[in-house]
1. For ALA131, indicate whether it is open to solvent by less than 70 Å² (accessible area, probe 1.4 Å), at pLDDT below 90 and part of a helix (DSSP H, G or I).
2. Got a number for residues in segment 1-39 being of a type outside the set (A, V, I, L, M, F, W, C), loosely packed, with under 10 Cβ neighbours inside 10 Å and part of a helix (DSSP H, G or I)?
3. Residue by residue through segment 106-120, note down the ones that are surrounded by 11 or more Cβ atoms within 10 Å (Cβ to Cβ) and among the acidic types (Asp, Glu).
4. List, please: which pairs have Cβ atoms under 8 Å, are six or more places apart or on different chains, and start with a residue in segment 109-126 that is closer than 18 Å to LEU58 by Cα and in a helix (DSSP H, G or I) and end with one that is at pLDDT below 90 and open to solvent by 80 Å² or more (accessible area, probe 1.4 Å)?
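The values are calculated or read from the model by the stated rules, or taken from the named source; none is laboratory data. Since the model is a prediction, treat every value here as computed from it, not as a measurement. Quick reminder, even Gly has a Cβ in these numbers, built from the backbone with ideal geometry, and neighbours come from all protein chains shown. Side chains included, ligands, DNA and RNA excluded: accessible areas come from the protein's heavy atoms. Shrake-Rupley method; radii C 1.70, N 1.55, O 1.52, S 1.80 Å.
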Amino acid sequence: MGPLDRDTAKRRGRHRLDAMRRRTTLLRERVVVTAIVSFVLLWAVVFVQMATGNDPALGPGKAARRPAAKAAARNPERPTPQAAPPEVESESEAVETETAETEAAESEAAESEQFEVERLEAEEAEAMELAEIEAEEAEAEELEAVTSGQS
């Protein structure tokens, strides 16, 4: 292989390496742009949902039930407003209506109890966190007193 052939082979090798580098750079740029666009699009969807009041974390209907439960908790003596029952044509329909009303009242009571349980659990968790923070602060003060030479 002569010197001319070597130079030609080196040029071909450089061209191939340059082409590979260009393809790699282009692929990386496309991946980065796709990731950024996907991220922005996802957060735009979440922002639009939150701005329109459709918070997915609250779930369907939970937000509607909470104000009624709070109002009932504030005024336990005041009866909750209920629609007048429709005229019943037969005894079986009356039994079904009564059963449905009883089940609805039981489920509402269960939801109210669940809400209270969740509230109490949240308060307990908060109290535990505060106790941990106070313990950490006391420990930090003890360490500071020991390291500063005070006793």
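1. Values: open to solvent by less than 70 Å² (accessible area, probe 1.4 Å): yes; at pLDDT below 90: no; part of a helix (DSSP H, G or I): yes.
Answer is no for this residue.
2. So the answer is 2.
3. GLU108, GLU111, GLU113, GLU116
4. Pairs that qualify, where the first residue is closer than 18 Å to LEU58 by Cα and in a helix (DSSP H, G or I) and the partner is at pLDDT below 90 and open to solvent by 80 Å² or more (accessible area, probe 1.4 Å), are GLU111/ARG65; PHE115/ARG66.
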